[in-house]
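The values are calculated or read from the model by the stated rules, or taken from the named source; none is laboratory data. Bear in mind that the values here come from a model prediction, so they are computed numbers and not experimental data. Because the Cβ atoms are built from the backbone with ideal geometry, glycine has one as well, and the counts that use them run over all protein chains shown.
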Amino acid sequence: MTQPTVGPRPSVFKRIMPQLVILAVALALNVAVFPEFFHIDFRNGRLFGNLIDVLNRGAPVALLCIGMTLVIATKGIDLSVGAVMAIAGAVAAATVVDGHSWGTALLAALLAGGLCGLWNGFLVAVLRIQPIVATLVLMVAGRGIAQLVTEGKILTFDNAGLINLGAGTIAGAPTPILIWLALGALVTFGVRRTALGMLIEAIGINERSSRLAGINSRVLLVCVYLVSGLCAALAGVIVAADIKGADANNAGLWLELDAILAVVIGGNSLLGGRFSIVASLLGALIIQSINSVILLSGLPPEFNLVIKALLILGILVIQSPRIGNYIYMLRASGPQPQPDPLVRQRPEKEAAQ
Amino acid sequence: MTFKTTLLASAIAIAPVAAFAADMTIGFSQIGSESGWRAAETTVTKQEAEKRGIDLKFADAQQKQENQIKAIRSFIAQGVDGILVAPVVATGWDEVLEEAADAEIPVVLLDRTIDADESLYLTAVTSDLVHEGRVAGEWLVNEMNGADCRIVELQGTTGSSPAIDRKNGFEQGIAGHGNLEIVRSQTGDFTRAQGKVVMESFLKAEGGENICALYAHNDDMAVGAIQAIKEAGLKPGEDIKIVAIDAVPDAHKAIAAGEMNATIELTPNMAGPALDALEAYLASGAMPAKWIQTESKLFTSADDNEAIFNMKKDLGY
């Protein structure tokens, strides 16, 4: 902090600028289909409005993409997070149904998620199985484990403490929003105020040379998958608490893909290396804003996936290296040929005369 | 192997003549445990068989047609008196059904129909999805009694046959009543979580006070929507009337609590009518109709939902 030359602020802002612009466009689309989009009032003891919904409904993907960003930064991928959500939700529900407190249930769910993360980490870091294959195992098997826990039905519960984590509010704000904001801030500071973030990036760029440079890559890799498992567990608890029941068949279904998409929209490379959790979180909000446009538009549901695909395609095209190059060239050539317009105008005028 | 099968098949051919009354053996190939309703269907089928003193051989296909075909072949080899199948897909059944026909074992389809010649099976016991939607629509017509009503609809998974048929049925039910209008319709994927999310957006886009009724294609979405309505500070069941389909235990619980108004039962008892038809056929050769429609019973607050909930909650929903 004492060295003003490496002050991170301007660079962070520059890094997340594209995501901010895209988010602004996505929100503007919402306003276009529903003019009262930004209207927020206080109803029934809670903030009530579409913007709150975007923040609230974006919580599961936002939580998942915190862990996913770290995993992807190490050149890995975690396909199991959706299934881990189902397991964690099932474990939490089963624990409170057994008569334990919500605190115990939360701890049990986090423990289950942590174990799943350790398992993935073990396969990737110790057995050296390719991450996409290693985590595919749990992606397929995890939902079965969750169904075993819930015995194949929707396990409903009435525990007020647990329900508060998903459907409750703190000072009017839905709890999930506060949870993902807090965890996002915690992890961002954890990796950026220490050397941890840099070490993770080093593994992603070149694991062998980072190991030769003295980084204990094996432990770090396991830790990264552990964090991903814990984030998924928290997301799973929130989703289950939101509907007061653990739905092993549907909880977190396909959300791993949304989480990966959020990381990609956040401008992080799937080939590992430099990462930005803040940008990924913005990516999650962008996805949720798009979902919101679809719901508010009132179009028949047959259009849902087409609209989503088109919007996301647009975002990815804008972010593609070639278009990025083009924008860079435009900018670079911007200030230099300032006299150009005059030069260009003159022959035009002459031609007109 | 072939010799063995031929031997068994010839044994089966005379088996029904020998023992059709008391100790009847029926094979049941179930799809798997894809949903709570499916689990309830399995439980009820076992109960129905036990009630009639039938020896039920149960095979879980784990969502795979090849397992179902294997199960049917093994039933044929075991020489059962009849076979119940809940087919996982509509096509590819001709060969194995011909084998059953050669062995003179009647096959009854449960819950779903198939693309095969009608002569290959005895009958199909299914619900009428369009009829279910129509019952829901007619209930709302009576309930509103001419008053204006803006309806929001939570559809099932886009493109699935229950979603298409239940939508069409409801529209038929309210057709000709200008006071009823569907103002928003969006998919909730048959899940609680999506039902809640989509209802939240309905409440904001239309304004909770402007919505008079909710029609959900299944109870799970309605249960999710009830929570969204409560969180918006409105009273589900009073401020917004709610009608859905399936009659799962949680829907009865919601009706008992006054948070939901009506549900139409998709009965898990497909085996009852199926076994009736099988018994009649085996006893006297009476051919049933090719399609037996199950009853789509309407449940409202007039029923004892507390008791129904307690009865249904152990069926495995």
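The residues on offer are B:VAL80, B:VAL88, and the sole one that is among the β-branched types (Val, Ile, Thr), within 20 Å of B:GLY285 (Cβ to Cβ) and either at pLDDT below 95 or in contact with a strand residue (DSSP E or B) (Cβ under 6 Å, 6 or more places away or on another chain) (or both) is B:VAL80.
Of the residues screened, A:GLY252 is one that is assigned to a loop (DSSP other than H, G, I, E, B) and in contact with a helix residue (DSSP H, G or I) (Cβ under 7 Å, 6 or more places away or on another chain). Scanning region A:292-308 for residues that are out of contact with any helix residue (DSSP H, G or I) (no Cβ under 7 Å at 6 or more places or on another chain) and assigned to a helix (DSSP H, G or I), which turns out nearest to the other protein chains (Cβ to nearest Cβ)? Result: A:PRO301. For region A:15-36, filtering for residues that are facing chain B (nearest Cβ under 9 Å) and either surrounded by fewer than 16 Cβ atoms within 10 Å (Cβ to Cβ) or within 18 Å of the chain's Cα centre (by Cα) (or both) leaves 1. I want to confirm something. Restricting to region B:121-136 and keeping residues that are in contact (Cβ under 8 Å) with a residue 60 or more places away in the chain and within 17 Å of B:ILE264 (Cβ to Cβ), which single residue is surrounded by the most Cβ atoms within 10 Å (Cβ to Cβ)? The selected residue is B:GLY133.
If you go through region B:42-101 and pick out every residue that is over 24 Å from the mean Cα position of the chain (by Cα) and either not assigned by TED's automatic domain parsing to the domain that holds B:THR113 or not acidic (Asp, Glu) (or both), you end up with 13.
Taking A:SER320, is it more than 12 Å from every other protein chain (Cβ to nearest Cβ) and farther than 25 Å from A:ILE52 by Cβ? Against the criterion (more than 12 Å from every other protein chain (Cβ to nearest Cβ) and farther than 25 Å from A:ILE52 by Cβ), A:SER320 qualifies.
Listed by position, the helices (runs of 4 or more DSSP H) contained in region B:180-295 that have at least 2 residues being more than 25 Å from B:ALA86 (Cα to Cα) and either hydrophobic (A, V, I, L, M, F, W, C) or away from chain A (no Cβ under 11 Å) (or both) are B:192-202, B:219-231, B:249-256. Looking across region B:36-56 at every residue that is buried (at least 18 other Cβ atoms within 10 Å of the Cβ) and outside any helix (DSSP H, G or I), the one that is farthest from the other protein chains (Cβ to nearest Cβ) is identified as B:ILE54. In the set A:LEU165, A:LEU199, A:LEU220, only one residue is of a type outside the set (D, E, K, R), assigned to a helix (DSSP H, G or I), at pLDDT 95 or above and within 27 Å of A:ILE40 (Cβ to Cβ); that residue is A:LEU165. Return the residue satisfying two criteria in turn: it lies in region B:75-120 and is polar (S, T, N, Q) and in a helix (DSSP H, G or I), and of such residues it is surrounded by the fewest Cβ atoms within 10 Å (Cβ to Cβ). Applying the filter and picking the extreme gives B:SER119.
When you scan region A:126-140, do you find a residue that is in contact (Cβ under 8 Å) with a residue 24 or more places away in the chain, out of contact with any Gly (no Cβ under 7 Å at 6 or more places or on another chain) and not in a helix (DSSP H, G or I), even just one? No, there is no match, as no residue in region A:126-140 is in contact (Cβ under 8 Å) with a residue 24 or more places away in the chain, out of contact with any Gly (no Cβ under 7 Å at 6 or more places or on another chain) and not in a helix (DSSP H, G or I). Of all residues in region B:289-298, none are surrounded by fewer than 24 Cβ atoms within 10 Å (Cβ to Cβ) and without any contact (Cβ under 8 Å) to a residue 24 or more places away in the chain. Flag: B:LYS312 matches the condition of being at pLDDT below 95, buried (at least 20 other Cβ atoms within 10 Å of the Cβ) and in contact with a helix residue (DSSP H, G or I) (Cβ under 6 Å, 6 or more places away or on another chain). For region B:242-263, what are the residues that are out of contact with any Phe, Trp or Tyr (no Cβ under 6 Å at 6 or more places or on another chain) and among the aliphatic types (A, V, I, L, M)? B:ILE242, B:ALA244, B:ILE245, B:ALA251, B:ALA254, B:ILE255, B:ALA256, B:ALA257, B:MET260 - these are the residues of region B:242-263 that are out of contact with any Phe, Trp or Tyr (no Cβ under 6 Å at 6 or more places or on another chain) and among the aliphatic types (A, V, I, L, M). Looking across region B:238-248, just one residue is over 20 Å from B:ALA163 (Cα atoms) and surrounded by 24 or more Cβ atoms within 10 Å (Cβ to Cβ), and that is B:ILE240. The set of residues in region A:37-58 that are touching a residue at least 40 places away in the same chain (Cβ under 8 Å), among the β-branched types (Val, Ile, Thr) and more than 10 Å from chain B (Cβ to nearest Cβ) contains only A:VAL54. Scanning for something within 14 Å of chain B (Cβ to nearest Cβ) and touching a helix residue (DSSP H, G or I) at 6+ places or on another chain (Cβ under 8 Å), does region A:256-264 turn up at least one residue? Yes, that holds for at least one residue.
Here's the yes/no breakdown for (1) in contact with a helix residue (DSSP H, G or I) (Cβ under 7 Å, 6 or more places away or on another chain); (2) surrounded by fewer than 24 Cβ atoms within 10 Å (Cβ to Cβ); (3) under 21 Å from B:VAL135 (Cβ atoms):
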| residue | (1), (2), (3) |
| --- | --- |
| B:VAL183 | yes, yes, no |
| B:GLY188 | yes, no, yes |
| B:VAL197 | yes, no, no |
| B:GLU200 | yes, no, no |
| B:ALA205 | yes, yes, no |
| B:LEU214 | yes, no, yes |
| B:ALA225 | yes, no, yes |
| B:LYS230 | no, yes, no |
| B:PRO236 | yes, no, yes |
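Look at region B:82-97: where a residue is of a type outside the set (Val, Ile, Thr) and a partner is in a helix (DSSP H, G or I), sitting 6+ places away or on another chain with Cβ atoms under 6 Å, you get B:GLY82/B:LEU278; B:LEU84/B:ALA274; B:LEU97/B:LEU120. Among the residues of region A:141-158, the ones that are surrounded by 15 or more Cβ atoms within 10 Å (Cβ to Cβ) and outside any helix (DSSP H, G or I) come to 6 in all.
Candidates A:VAL124, A:VAL91: the one that is out of contact with any Phe, Trp or Tyr (no Cβ under 9 Å at 6 or more places or on another chain) and β-branched (Val, Ile, Thr) is A:VAL91. The numbered conditions (1) modelled with pLDDT of 95 or more; (2) surrounded by 17 or more Cβ atoms within 10 Å (Cβ to Cβ); (3) within 28 Å of B:ALA228 (Cα to Cα) are all true for B:ALA274 except (3).
In region B:231-246, the count of residues that are assigned by TED's automatic domain parsing to the domain that holds B:ASP117 and acidic (Asp, Glu) is zero.
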